[in-house]
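Novice: Sharing a structure with you now.
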Amino acid sequence: MAELEITFRKAITALTDADVKYVIVGGLAAILRGSPRNTSDIDVIIENEPNLHEKLIKAFKAQDFEVMESQLKLAIDEGFNTSIFIKDSIIRIDLKIAKNSDEIEVIKDSETWNFQDLHFPIASIEQILYGKILYLGDIKDLSDDELLDFNDVRDFVNIYQSAKSINMAWLKMKVKKKGIIETFNRILAKAKENFE
């Protein structure tokens, strides 16, 4: 956990220094929201803006990250994901440039999170749950017994069970729009199995 925390602190410092709009999503967001698990990456969605690659290169290099400049520029220009590594660490930063309405919305709807002396934007509980379902996609070929083999399913279950409040109407509307309501219903049933 110490290595993850050190890398996370450096990443937040770099993103703050770069003065970009971003949000923490994925496994680390799930951990912070109550899902006990490990992760070896820090998933970040960043809003695209002019000169973004220069700002990120300068800020991440100042924090001792190894930045492949041409790869980062291509990822930003083409809307690909890219990873940035810190020297002598297995932890990586996975950057995703916001290019669709869901990615722009998760940045816009982010909440400020306080962790020790850090303050940073994190995806809302609903956005994290939606992201887990979206990433899983159509799971009709999986048996119920296989579902808990997936981190995204376990994250959904843990976050659902530990959340004080979830806007289920919004969540249902989003998954229905994407055509993954069956996935949502199966994972929700799994979350409720040992909870209610």
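The values are calculated or read from the model by the stated rules, or taken from the named source; none is laboratory data. Nothing here was measured: the structure is a model prediction, and the numbers come from that model. Don't worry about glycine lacking a Cβ; one is built from the backbone with ideal geometry, like all the others, and counts go over all protein chains shown.
Novice: For the stretch 168-179: of the residues being closer than 11 Å to Y130 by Cα and not charged (D, E, K, R), which is surrounded by the most Cβ atoms within 10 Å (Cβ to Cβ)?
Specialist: Filtering the stretch 168-179 for residues that are closer than 11 Å to Y130 by Cα and not charged (D, E, K, R), the one surrounded by the most Cβ atoms within 10 Å (Cβ to Cβ) comes out as V175.
Novice: Does F60 qualify as being of a type in the set (A, V, I, L, M, F, W, C) and modelled with pLDDT under 95?
Specialist: Details: of a type in the set (A, V, I, L, M, F, W, C): yes; modelled with pLDDT under 95: no.
Criteria not met by F60.
Novice: Within the stretch 138-165, which residues are farther than 25 Å from L32 by Cα and either touching a residue at least 24 places away in the same chain (Cβ under 8 Å) or surrounded by fewer than 11 Cβ atoms within 10 Å (Cβ to Cβ) (or both)?
Specialist: D138, I139, K140, D141, S143, D144, D145
Novice: Sticking with this one: List the helices (runs of 4 or more DSSP H) that sit entirely inside the stretch 67-166 and contain at least 3 residues that are within 14 Å of the chain's Cα centre (by Cα).
Specialist: Working: elements: 69-78, 101-108, 125-136, 144-147, 151-162.
The qualifying helices (runs of 4 or more DSSP H) are 101-108, 125-136, 151-162.
Novice: Could you grab the pairs with beta carbons closer than 7 Å, sequence gap of 6+ or different chains, first residue in the stretch 166-183 and under 13 Å from I139 (Cβ atoms), second one in a loop (DSSP other than H, G, I, E, B) and of a type in the set (D, E, K, R)?
Specialist: Short answer, once both residue conditions are applied: I180/D138; E182/K140; T183/D138.
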